[in-house]
1. I need a count of the residues in the stretch B:230-274 that are open to solvent by less than 50 Å² (accessible area, probe 1.4 Å), within 43 Å of the chain's Cα centre (by Cα), of a type outside the set (Phe, Trp, Tyr) and more than 29 Å from B:Arg141 (Cα to Cα).
2. State whether one or more residues within the stretch A:25-35 are free of Cβ contacts under 8 Å to residues at least 40 places away in the same chain and either within 14 Å of chain B (Cβ to nearest Cβ) or out of contact with any Asp or Glu (no Cβ under 8 Å at 6 or more places or on another chain) (or both).
3. Please go through the stretch B:220-229 and give me each residue that is part of a loop (DSSP other than H, G, I, E, B) and open to solvent by less than 90 Å² (accessible area, probe 1.4 Å), ordered by number.
4. Restricting attention to the stretch A:71-86, report how many residues are surrounded by 14 or more Cβ atoms within 10 Å (Cβ to Cβ) and either over 14 Å from A:Ile31 (Cβ atoms) or out of contact with any strand residue (DSSP E or B) (no Cβ under 7 Å at 6 or more places or on another chain) (or both).
5. Just checking, which of B:Ser138, B:Ser128, B:Ser156, B:Ser164 is touching a His at 6+ places or on another chain (Cβ under 9 Å) and open to solvent by less than 50 Å² (accessible area, probe 1.4 Å)?
6. Looking at the stretch A:125-145, can you tell me whether even one residue there is surrounded by 11 or more Cβ atoms within 10 Å (Cβ to Cβ) and touching a His at 6+ places or on another chain (Cβ under 8 Å)?
7. A:Ile89 passes all but one of (1) open to solvent by less than 50 Å² (accessible area, probe 1.4 Å); (2) within 11 Å of chain B (Cβ to nearest Cβ); (3) more than 19 Å from B:Ile60 (Cα to Cα); which number fails?
Amino acid sequence: MSNKHLFQKFGFLRAPFGIGVGRYVCQLQRITIKFCKSHGCSLGIRSFLEHDLIDYAKQNPGVVVYVKPRRHRSPVLKAEYLNGETSWICIANFSRQDIIQWMELLKTQYHDGPALRLLKLWHTDFPSIQGPWTPFTFKNPSLNQIKFPDKKIGEALKFKPTATEELIRLFEEQQEAEKFDQEIPVQKGVS
Amino acid sequence: MNGLQLYLQSLLNIKHIYNVLTANVGYRYIKRWVSPTQKEITRRKRRLPAQPESKRSNFIEWNRNSEIYAFNTRLSEKFDTEKLNQAFTHKSYILDELKKQQEMGIEEPKFDISHNEEYIEKGREITSEIVKKYLKKSLPRLPEVGITALHDYLMSEQMLATASSHIGTKDIILTSEHPVSQQTLAQTFVALVGALAESVNVDHASAFVRDFLIVGLANKDLTEIWCPTKPFELLNDVISAERKISIEARLIGQAGKNTILSVYHVGIYANKEYLGSGFGETIAEAKDVAAINILAQIYGLHHTSQPLRFNEELNVSA
């Protein structure tokens, strides 16, 4: 991210009021095509006006198309959307095909997408499905039955055997070994 | 002869090249006046007070008839053009125009267009009725208080103004004020409903209200808009009316008793059957939260309930 993005408009990707729930409404409300009648950089837009504009207006009766000639200035598309946003494209030296595609893009979006720095790639109105965390979330249900204070749960955690336990273990091992030694001579005597 | 012509031409070319060469010595085509001029313009602009927002309908590229036509087709509606024009014309605009004529010296000012006062009144009634009926249909178990709360939320000026500006009325409205106020936007929305009811019928207007106003509830937490004040008593009434048994709240768990981080988990049971539970910092709070959770689930307001439907047909006139 470069420094200039700090001053760019930022936010989450949000749909305009009620869009996609009720009926379909094209979000582009009007588009102004500004161009020059003689300059070379308006060649593409002039051929667009000649061949495609009538079809465009017929296909999109909900979009008001204004054509504004002005002398020796670069051609521009300015789109105004229902949510009050505007999108502005300089189309100097664009070919007719390019302009058709840009007009299509302007029609299908609801704001100038690249002008918005997204804070996150997702957004939700209900951030938690299972509700807020509480001390009882993911607790073992068996804890419900226990009466506190409980000696077994309340005792300190042990990761190593204590010295006493170690001594008891050694003593028991010794006892086992002695028992074993006593048993072997008896077996020998039998045979 | 040809040879002479060639000679003369080459002589001209040389002269031309010589001119260009001599003229360009030490010259880099840098316009040194641009930067200071721009700086001066910017400085003067900054010194100016805040400029009023430009009015879209004053631009050269503005055709009111096309705008009205596009408004109608964009929403795929069947407004009568005359009535649509009337719905957009506020009384203040007509008064303003008459005043202008008087100032110009016309003795009997005349401005023969009708304003939308009538539509506003009628439209408000229709909208209110449609909203109430639609909410009753889609949330059949919600009590009257809840329906009224949701209805008031939808009919609030802010909500109506949002709905109005998102169908593109802002630039088409004829009013004396600029920029258009929230109140005018809200009034225009109800005036449009009134105009549509007259252009087609009330049932058609109900689809308009559903698609452009009631959809505002789609991404809202409904319990935030309406929440019962005494939830436990209300739940008790609901359960006892249905099953003739009273409910009982029991403590499921508690942690951090007598500390600032205390948590209580309270469950509500009816005849030993678990209905739901809630958490709170005190037992009373947890009990209320549990009751609200259960009520929201019963009424279909909970965030886990099935979302509101926005495709139901409404028969208002019947």
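The values are calculated or read from the model by the stated rules, or taken from the named source; none is laboratory data. Note that the structure is a prediction, hence the values are computed from the model and not measured. All Cβ positions, even for glycine, are placed from backbone atoms using ideal geometry, and neighbour counts span all protein chains on display. With ligands, DNA and RNA removed, areas are computed over all heavy atoms of the protein, side chains included. Shrake-Rupley method; radii C 1.70, N 1.55, O 1.52, S 1.80 Å.
1. Total meeting the criteria: 2.
2. In the first step, residues of the stretch A:25-35 are kept if they are free of Cβ contacts under 8 Å to residues at least 40 places away in the same chain; the result is none.
Looking through the stretch A:25-35, none of the residues is free of Cβ contacts under 8 Å to residues at least 40 places away in the same chain and either within 14 Å of chain B (Cβ to nearest Cβ) or out of contact with any Asp or Glu (no Cβ under 8 Å at 6 or more places or on another chain) (or both).
3. Filtering the stretch B:220-229 down to residues part of a loop (DSSP other than H, G, I, E, B) leaves B:220-221, B:226-229.
Scanning the stretch B:220-229 gives B:Lys220, B:Asp221, B:Trp226, B:Cys227, B:Pro228.
4. Of all residues in the stretch A:71-86, those surrounded by 14 or more Cβ atoms within 10 Å (Cβ to Cβ) come to A:73-85.
From the residues that got through so far, the ones that are either over 14 Å from A:Ile31 (Cβ atoms) or out of contact with any strand residue (DSSP E or B) (no Cβ under 7 Å at 6 or more places or on another chain) (or both) too are A:73-74, A:83-85.
Qualifying residue count, the stretch A:71-86: 5.
5. Details: B:Ser138 fails: touching a His at 6+ places or on another chain (Cβ under 9 Å); B:Ser156 fails: touching a His at 6+ places or on another chain (Cβ under 9 Å); B:Ser164 fails: touching a His at 6+ places or on another chain (Cβ under 9 Å).
B:Ser128 is the lone residue from the list that is touching a His at 6+ places or on another chain (Cβ under 9 Å) and open to solvent by less than 50 Å² (accessible area, probe 1.4 Å).
6. yes
7. Here A:Ile89 meets the rest and fails (2).
Yes/no matrix, rows are residues, columns are (1) touching a helix residue (DSSP H, G or I) at 6+ places or on another chain (Cβ under 9 Å); (2) within 16 Å of B:Ile167 (Cβ to Cβ); (3) without any contact (Cβ under 8 Å) to a residue 60 or more places away in the chain; (4) surrounded by 14 or more Cβ atoms within 10 Å (Cβ to Cβ):
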| position | (1), (2), (3), (4) |
| --- | --- |
| B:Ser66 | no, no, yes, yes |
| B:Phe71 | yes, yes, no, yes |
| B:Lys78 | yes, yes, no, no |
| B:Tyr93 | no, no, no, yes |
| B:Lys99 | no, no, yes, no |
| B:Phe111 | yes, no, yes, no |
